[in-house]
Structures are given as structure tokens and as C-alpha cells.
2 protein chains.
Amino acid sequence: MTNQALLERRYNLLGKASPLFYERPLQFVRGEGVWLYDIDGKRYLDAYNNVPHVGHCHPQVVEALCRQAGTLNTHTRYLDETIIEYGEKLVSKFDPSLSRVHLCCTGTESNELALRIARTCTGASGVIVSDFAYHGNSKTVAEISSAFPNPEGVGTDVRVVTVPDVYRLRPGIDAASAAEAYAKDIAAAIEDMAANGIKPAALLVDTIFSCEGLPTVPAEYLEKAVALVRAAGGLYIADEVQPGFGRTGTGMWGYEQYDVVPDIVTMGKPMGNGHPLAGVVVRPDLMDAFGKETTYFNTFGGNPVSCAVGLAVLDVIEREGLMENANTVGNYARDGLRKLAERHDIIGDVRGPGLFFGAEMVRDRQTREPATEETGTIINAMRERGIIISRTGRADNVLKIRPPMPFSKDNADFLLSALDDTLQAL
Amino acid sequence: MTNQALLERRYNLLGKASPLFYERPLQFVRGEGVWLYDIDGKRYLDAYNNVPHVGHCHPQVVEALCRQAGTLNTHTRYLDETIIEYGEKLVSKFDPSLSRVHLCCTGTESNELALRIARTCTGASGVIVSDFAYHGNSKTVAEISSAFPNPEGVGTDVRVVTVPDVYRLRPGIDAASAAEAYAKDIAAAIEDMAANGIKPAALLVDTIFSCEGLPTVPAEYLEKAVALVRAAGGLYIADEVQPGFGRTGTGMWGYEQYDVVPDIVTMGKPMGNGHPLAGVVVRPDLMDAFGKETTYFNTFGGNPVSCAVGLAVLDVIEREGLMENANTVGNYARDGLRKLAERHDIIGDVRGPGLFFGAEMVRDRQTREPATEETGTIINAMRERGIIISRTGRADNVLKIRPPMPFSKDNADFLLSALDDTLQAL
């Protein structure tokens, strides 16, 4: 039962615009692994939250947090071994060209810093982004995030392009020609910038295209796009806030799905399993060039507690084989969704890598008309059945399934069975 | 001894531009109350760090952190009692007109959000700031921070004014006429904006003027400045990242030193005693107007762990009487500094409220020539004597003494005695 008194206090304190999930909001009091427990003791399977990456309240992460918080918590203007240990371990997960790190606290801060570095190092201001993306909540980052309305709108030096989605390609384009065809939009964006006296500083994309609805992006599109941007003097910034840390199942980073290494990588959400930890990994020449122009210091970024937590998260991912689990269970769950699709016409497409997958809901498999309203009904019905999922995409009609990484085949079975019942009852 | 091998690894990982304190960097391994312990077991009195506000590794704060991190850590899109409890307690410390809160993770994020709210609600873009301030590290906030060089420079819609410093007033102006005289600069900034088609959205100041060198600002200056900005349609944003949470000793907030209530208040550093917790307190009409234009959501901001930590910090401040302590010990230490000034001509001025005070070092009390180099020598010599302080101000010649709040008279005596010896040995 929704706690109406608490809801009223919340409105008085946070206002009514502060987003709240579900028609009947949930109030959790405990989390463990892939499970969340509400105030009435009811258990929910968490198939949505990616921040508790290695599982809610993972004991090894909590232990590292408590141990370091009780010992020392300072900042990076003193020498400290924890940040070196963590930073070295973190950069070892990347291409050797990406050997430097700046730590900060949120994905917004990491994208802010990446843009500052790119613009400073290129001497250019233009940024090319996908036309339905979200990268954070500062002014500059809001100006490159068009998935949600904001008062700043798209920045004057920002150009948006549509990323190809093989399920919804423009007329006359097929999967084989899509990479080439959509890369032309990148070329056009660069030309339009030039016509306005703007040079591109960067192409910045979420390499899993989360807000865009997890489209299947044709091979070679990103390589072609990056090549065009680089030829015009710009850099490639991979936003790994969503796909990073093994979620795709086949690599630690979403960018590894494509055959091109970024110049700058930004990280956030899963990095500290809920502790505010984020960062930017960058080529040393770029960091040094930026460092000549200004001093970047982040009060909390890279403090010993954050680094101890970050180390524990990396260690758990390895020890528990969570990347491999994301691959195995992700494939298993997608197979299950495809089986459901045999009996439920509303499922138009099943996609997404590892443990970040989606099912696009349509009213008609021929016209592919988005089943937006039905998707909302499904999300709320799943909540009533004790399963937390959400939705994404331009038409808000893609089931967004992105559980903590220890998600098991049993968990997938529970989800699939509840979804089957929910679709049956639609 | 500086750990040279670790320093090299640090350079390889963080670059050489990442700031590091002292000629011989310090490596701490443990903190407790006002004390830090280095890798050789040497104890240092921390008279610099304001982030560990209630003391390094305060047991009640660590306990709250561990308890909540082991129970539940989600986000504000679920109903949660901890954020309501914390938020209500936090806003109760403000003027009743400031009844709404947005929580985020860093001072940068809180200033970003405050500017977005101010610009959206006024429909104006201009910002007036002090000419030697630091408010954070995002692009927009860098554009209002002129204390350190940055590639963005001062924003085109930003105007900088000099805040009156009674120790260094412009020729022909005395303390009695300073408020009126310097307020004219605000009027001129507004006129200059108007001449360029810009309207003021806000005046934004650190109410303790930390980077400016902790100047004694004449009574009524800020009231006059705010009145001018408000008359032109702008808002007053008080940046409480430095002065907030009782540090001034006479109130919870720095703005209370002046007779004018802000429209928006931003908080950071001390709020979570090292945990990345920050926030914006705002008038409800402003929050609602902003909420009509966009959704502000911060992944980590206001999560149950951050709020449990924030609650513990507020509780410790009250239970241990830390605001009162800041007043008593601050006055005691300033008296001690003034006694030192009787014997050491280099001390030109002693100032600053509560437990954030400074001594301006000069080569000549008549000309007031800044003793910049000597101040650097003093800071490093104090470090060798086991005391951590820093320096601030335009000429980097103001001793910056800003200890954790449980700083005692004994601690002050130790600091004063070491400073006496250091000045003697200059």
C-alpha cells in the first residue's frame, strides 16, 4: 500500500516534478543481491537497477566501504596508494592507449569533463550526438541530451543525428546499406557545422544507445561515423555509464562491440555499486594538453573510500565471473523472450546485449505501430507481480530489462513466466 | 619521506597537472578527529580540511554509512523515508521561505543546478560573481570561477565585481563608505549587461569569500548588492559549500552574517563528512517553475545511504555543540593570532569568522606588500612541524586555517605555538 502520508511529505519537500516510478509508488526498505523488499515485507525481483551492479548491498563492497570510511577519507592532493591501485587496475581494463584517469562522482561530471577536455584539446566547440540520448543533468550536458525536454534545448554548437536501428530503418534502406546511409548524416552534420563556422570537437555516444531503445546498430556504422569526425579534427567520446563494467557480456565496455577505440571514455552508475563514483579514462596526450590550460580537481573524486569501493566492485566482477554470467544469462533470457514472442504478437523485436536487453512492443507486426500504452500497463502489472522492469525508446514501448549482474537463469525464468502471464492478461 | 615510487606511478596515472599539496607531498594512512597519521606513523594536526567537518572518520557517521549501505541503497524514484527525514531536518535549518531541496553529489552539481534554476525561472542569462572566486569544475561553473585559470575564461554573460575587503579598499574609500561605493560596481555590471542585451539571472557568491582571502566585507554591502540585482529581475544564490553547516560559529549558514535571505542556497563539501553529498535549497515557487520545464533527476543524489550520512552529520553538529565550539575556539584562536601579531610584523591582518580564519601576511605593514613567498615557506614549515594549513587570496598570502569542527583550544594552542616558532625562524 502506498504510504500516502510519506508521499505528501515528499511533495512538500521535493516538489511534484521529482520523478517517482509506477502508478502506485514502491517503498523499499531492504536490498540483497537481485532482490528488493518493500515496507510490507513483499519481495521484488530487481530486473531494472544497474547501479547496484554486483548486487544490492554486496557484502564485499560494503565491507570495503566501511573499512576505508573508518580508517581514512581525504582527497587526491595527498599521496595515496588506494587511488593508484584502483586507477591502475581500472585502466588495465582498457586499450593501452587509454592510460590516464580522472575520477569524479557522477556520470554528469564525467561527461562534463570529457567535453571540456575535447573542446580544449581540439580548439573546437561542436559536438555530435544521437538525437534521443541522455548524458546527464548539467547545463552543457543537458544541451547534448535530447531524450527529455529541458529549458536549454539543444546547444547551438550541437548537432543531433539518428542512429540506425535495424528494426526501424528509413524507407529504402536495409541492414546491409544502413551503416553507409546513416553515416552520411554524420557527414551532413559536419558540413552544417562548417557552414556555421563550427568545427567538431567530438562525437559523443552511449555505446549501448540506452535511451534510443537499445537499437541493433549495424556493424561498421560507428567506425564510419568516428572516421568522419576524426577526419574533421574531432574526438570520439564513448559514454560507458550504461554499458560499462561487463554488462554487455562480451567485453568490459560497450565500445568493444564496434571496431574502434575511443579517445575518451566516461563512466558512472555501476562503478561504485551505488557509491557516487565516476570517472574519465583518456589518452595521456589529451590529459596533458588539458592540464596545461587548467587544474582539474574534484573534492570527493578519487578519495580513498571511493577507490576502495571501486576496487571491490572490480574484484567482485572478476571473482564471481559476472561478465560471463551477463553473457550466458542474457542469451538465455533473450531466447526465452523470443519463445514468448511465438505466442504473443505484441513482442515485435527482442534485442540488446548481455544483461541489458529489451523487447519492443508493437500493436501490429506489419506496421510496427508502437504499443506505448500497453507497455505502460505491462510495467505496472509486472510490478504487481513482484518484478521491477522499466521501458525506454522514443515511443516508450521497449521493455527495459537491466538487472544487477548476478541475475541467474532462475531469475530469468521467474521474469519470463510473469511476463507470459502479464501478456496473457492484457 | 616522500614515497618516490608511488609518486611516479601517480604521475603515470593521473598526470602531473593533478594538484598535490606541499613541496614534499604527504601520504596519510589514518585519520581520527582532528588528526591525520602519515605512513611513517607521524601525527599531523589537521587545521585545513573542512570536508571531514565533524572530524575524520567520526564513528557515528561511519556507523550510519555502514548500517544503511548494508541495508538498502537505491534512488529517489522510489519512496523512501530517509530522504524525507533528512530533507525536512535540513530545510528546518533555513529561513522558512527556503523549504524545498534537491540533493546531488558535489558542490559543482549544486551550483550547476542553482544556475539552471535561476536562468530558467528568470528567463535571463546574466550572472554576477566576485572576481576571485571558485565555484566548481563544470564548464558553466568554470565560467563563473575566475580564481584559477581555465580554458573557458569568464562567460560572455558573466560579469565580475570586486568584493570590498576592508584591509585593502580602493584609494579614497573607507570602511564606512565601502558598502555604498562597491555596490556601485554591481549597478555598473547590470548596466553593462543591459548595454549588451543581457539581463541578470543571479548574483552568486560564496558567503565567506574563501578564495578572495576571507575579506572582512562591510556591513550592508551584500544587502545593497542583492537589492540591485533583485530590482533588475535577478535572484540571490548563496554558495554555502565553504561556510555552511555552522562553520562561521554564529549561524548555520554564512549568509546569516548579512541581513538578506537568499532565493537559492547551494551546499557541498562538509555536508556528508567526506561522503559525496551536496544539495540545493530553494524557494518552492522556483522549484515548481523549473519543474515545469524539465525533470531533474540525480542517480546518486538523495539515495538512502547519502541521506543517512547527512542525518548523522546534522545530529553530531547538534549533539556535540560544534557550531558553538566553532565560535568559542575561533575567537580564542584569533585572539592568539593577534597576540602573535604583536611580535611578528609579518602578520598584517587577522580575520575570518568561527573556524575559518586567516592571517594576511605582509612584508610591510604600511605598504601592505603581500608576503607571498614567505607564506609558502610558512605553510611548508608548518607541515614539517606537524600542522596542516594552507593559504588563499589573490596574492596567495593569507594563511587559510579551516580545521574540522571539533578543533579545541588545546589544538589552537599547538597551532599558535608552532606558528610562533615558524615565524621566529623565518
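The values are calculated or read from the model by the stated rules, or taken from the named source; none is laboratory data. Computed from a predicted structure; not experimentally measured. Here the Cβ is made from the backbone with ideal geometry for all residues, glycine too, and neighbour counts use every protein chain on show.
For segment A:6-52, how many residues are within 7 Å of chain B (Cβ to nearest Cβ) and of a type in the set (Gly, Ala, Ser)? Matching residues across segment A:6-52 total 4. Can you tell me which residues in segment B:291-323 are within 13 Å of chain A (Cβ to nearest Cβ) and on the phi > 0 side of the Ramachandran plot? Correct list: B:Gly302 only.
Only one of (1) part of a loop (DSSP other than H, G, I, E, B); (2) within 30 Å of B:Met193 (Cα to Cα); (3) within 15 Å of the chain's Cα centre (by Cα) fails for B:Val261. Which number is that? Going through the list (1) part of a loop (DSSP other than H, G, I, E, B); (2) within 30 Å of B:Met193 (Cα to Cα); (3) within 15 Å of the chain's Cα centre (by Cα), B:Val261 breaks only (3).
Yes or no: B:Leu65 without any contact (Cβ under 8 Å) to a residue 12 or more places away in the chain and either crowded, with 22+ Cβ neighbours inside 10 Å or facing chain A (nearest Cβ under 7 Å) (or both)? Lay out the reasoning, then the answer.
Values: without any contact (Cβ under 8 Å) to a residue 12 or more places away in the chain: no; either crowded, with 22+ Cβ neighbours inside 10 Å or facing chain A (nearest Cβ under 7 Å) (or both): yes.
So B:Leu65 does not fit the description; no.
Do we have any residue at all in segment A:116-126 that's touching a residue at least 40 places away in the same chain (Cβ under 8 Å) and more than 26 Å from B:Gly136 (Cβ to Cβ)? Looking for residues that are touching a residue at least 40 places away in the same chain (Cβ under 8 Å) and more than 26 Å from B:Gly136 (Cβ to Cβ), one finds none in segment A:116-126, hence no. For segment B:88-102, state whether one or more residues are assigned to a loop (DSSP other than H, G, I, E, B), farther than 28 Å from A:Gly15 by Cβ and at pLDDT 95 or above. No, there is no match, as no residue in segment B:88-102 is assigned to a loop (DSSP other than H, G, I, E, B), farther than 28 Å from A:Gly15 by Cβ and at pLDDT 95 or above. B:Cys57 satisfies every condition listed in (1) at positive phi; (2) crowded, with 23+ Cβ neighbours inside 10 Å except (2). Selection over segment B:1-24 of residues that are under 24 Å from A:Ala289 (Cα atoms) and assigned to a loop (DSSP other than H, G, I, E, B) gives a count of 9.
Please verify whether A:Ala47 is modelled with pLDDT of 95 or more, outside the structural domain of A:Ser390 (by TED's automatic domain parsing) and buried (at least 23 other Cβ atoms within 10 Å of the Cβ), treating the condition exactly as stated. Steps first, answer last, please.
Numbers: modelled with pLDDT of 95 or more: yes; outside the structural domain of A:Ser390 (by TED's automatic domain parsing): no; buried (at least 23 other Cβ atoms within 10 Å of the Cβ): yes.
So A:Ala47 does not fit the description; no.
A:Asp288 meets each of the listed conditions (1) at the interface with another protein chain (Cβ under 8 Å from one of its Cβ atoms); (2) touching a helix residue (DSSP H, G or I) at 6+ places or on another chain (Cβ under 7 Å) apart from (2). Those residues that are among the charged types (D, E, K, R) and closer than 22 Å to A:Gln68 by Cβ, I need them from segment B:59-97; list them, please. Within segment B:59-97, B:Glu63, B:Arg67 meet the criteria.
Working carefully through the options B:Ala188, B:Ala225, B:Ala201, find the one that is assigned by TED's automatic domain parsing to the domain that holds B:Arg170, surrounded by fewer than 23 Cβ atoms within 10 Å (Cβ to Cβ) and not acidic (Asp, Glu). Give the derivation first.
On the way: B:Ala225 fails: surrounded by fewer than 23 Cβ atoms within 10 Å (Cβ to Cβ); B:Ala201 fails: surrounded by fewer than 23 Cβ atoms within 10 Å (Cβ to Cβ).
From the options B:Ala188, B:Ala225, B:Ala201, the qualifying one is B:Ala188.
Based on what the data block shows, is B:Ser130 free of Cβ contacts under 8 Å to residues at least 40 places away in the same chain and surrounded by 23 or more Cβ atoms within 10 Å (Cβ to Cβ)? Spelling it out, it is not the case that B:Ser130 is free of Cβ contacts under 8 Å to residues at least 40 places away in the same chain and surrounded by 23 or more Cβ atoms within 10 Å (Cβ to Cβ).
The condition of being modelled with pLDDT under 95, not assigned by TED's automatic domain parsing to the domain that holds A:Cys307 and not hydroxyl-bearing (Ser, Thr, Tyr) does not hold for A:Glu8. Within segment B:228-253, restricting attention to residues that are without any contact (Cβ under 8 Å) to a residue 60 or more places away in the chain and closer than 30 Å to B:Asp192 by Cβ, which residue is surrounded by the fewest Cβ atoms within 10 Å (Cβ to Cβ)? Residue satisfying both the conditions and the ranking: B:Ala231. Residue count for segment A:35-48 under the criterion of being assigned to a loop (DSSP other than H, G, I, E, B) and over 18 Å from A:Asp410 (Cα atoms): the result is 4. Residue under question is A:Pro171, and the condition is that it be away from every other protein chain (no Cβ under 14 Å), without any contact (Cβ under 8 Å) to a residue 12 or more places away in the chain and part of a loop (DSSP other than H, G, I, E, B); does it hold? Spelling it out, A:Pro171 is indeed away from every other protein chain (no Cβ under 14 Å), without any contact (Cβ under 8 Å) to a residue 12 or more places away in the chain and part of a loop (DSSP other than H, G, I, E, B).
For A:Ala359, the requirement of being over 23 Å from A:Gly249 (Cα atoms) and either touching a residue at least 40 places away in the same chain (Cβ under 8 Å) or surrounded by 18 or more Cβ atoms within 10 Å (Cβ to Cβ) (or both) is not met. Residue count for segment A:135-159 under the criterion of being buried (at least 17 other Cβ atoms within 10 Å of the Cβ) and within 19 Å of the chain's Cα centre (by Cα): the result is 12.
Taking segment A:75-102 as the range and being closer than 19 Å to B:Leu26 by Cβ and aliphatic (A, V, I, L, M) as the test, the residues that pass are A:Leu79, A:Ile83, A:Ile84. Of all residues in segment B:286-304 being surrounded by fewer than 18 Cβ atoms within 10 Å (Cβ to Cβ), assigned to a helix (DSSP H, G or I) and without any contact (Cβ under 8 Å) to a residue 24 or more places away in the chain, which is nearest to the chain's Cα centre (by Cα)? Checking each candidate, the answer is B:Asp288.
When A:Leu235 is tested against (1) farther than 20 Å from A:Gly55 by Cα; (2) within 14 Å of the chain's Cα centre (by Cα), exactly one condition is not met: (2). For B:Val163, the conditions (1) surrounded by 16 or more Cβ atoms within 10 Å (Cβ to Cβ); (2) within 14 Å of chain A (Cβ to nearest Cβ) all hold with the exception of (2).
None of A:Arg247, A:Arg334 is more than 27 Å from A:His75 (Cβ to Cβ), basic (Lys, Arg) and either touching a helix residue (DSSP H, G or I) at 6+ places or on another chain (Cβ under 6 Å) or not in a helix (DSSP H, G or I) (or both) except A:Arg247. Of the residues making up segment B:366-391, those that are surrounded by fewer than 24 Cβ atoms within 10 Å (Cβ to Cβ) and of a type in the set (Ser, Thr, Tyr) are B:Thr367, B:Thr372, B:Thr377, B:Ser390.
Of the residues making up segment B:221-230, not a single one is of a type outside the set (Asp, Glu), part of a loop (DSSP other than H, G, I, E, B) and at pLDDT 95 or above.
Scanning segment A:89-119 for residues that are among the hydroxyl-bearing types (Ser, Thr, Tyr) and touching a strand residue (DSSP E or B) at 6+ places or on another chain (Cβ under 9 Å), we see that the one that is farthest from the other protein chains (Cβ to nearest Cβ) is A:Ser110.
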